[in-house]
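Remarks on the structure that follows.
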Amino acid sequence: MGKEKEIGLQYQKLVEYHLLKRGFVVNETLGDYSPYDLVIEKNGKMLRIQVRSTHWRMGGSHRGYKLQCTDGRRKNILTKDRCDFIIAVAGKEDLIYILPCELLNQKTIYLHPDKANYRTRKFGRNQNEKMRWEGFLNAWNLLE
């Protein structure tokens with residue numbers, strides 16, 4: 001197994017742990033051909049989850065993490081018809097974003113967990129496009 005696959009599997013297991021701790025039934029997909037890694041269920045609601053991790057720390061004006069929101073071939077954006085949520089682990093294990101695929105409209109997004117004042121903003125689009133995703137940091141309630 002390549003180093004990249006090994007790291008990806010470690011983070012997938014971390015996400016599975018967090019989901020199980022929150023009372024979800026967790027099922028893994030087999031192989032690498034599916035646009036999602038997990039199918040989760042709680043209270044009769046099923047969701048398709050893609051697990052992603054990013055360690056690509058950006059400098060300059062971005063000062064965040066670069067996250068690919070595409071399928072395995074990196075051509076198609078993960079949209080609602082292919083996956084319900086991306087659960088992204090950024091840098092450290094405690095930086096977990098719950099990103100609804102229906103809001104994704106670009107192949108790459110930037111996560112800025114160091115900007116603590118942005119964590120309290122409302123979900124979804126806001127005027128500052130750079131900080132758009134900070135409301136989704138540890139937003140596990142979106143899966144309920």
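Ordering 55, 112 from the fewest to the most neighbouring beta carbons within 10 Å gives 55, 112.
Between residue 26 and residue 41, the modelled labels are 1.7 nm apart [label points 7 Å from Cα along Cα→Cβ].
Bear in mind these aren't lab numbers, they're just calculated from the coordinates by the rules spelled out. Just so it is clear, the structure is predicted and the values come from calculations on it, not from any experiment. So basically every Cβ, Gly included, is an ideal-geometry build from the backbone, and we count neighbours across all protein chains shown.
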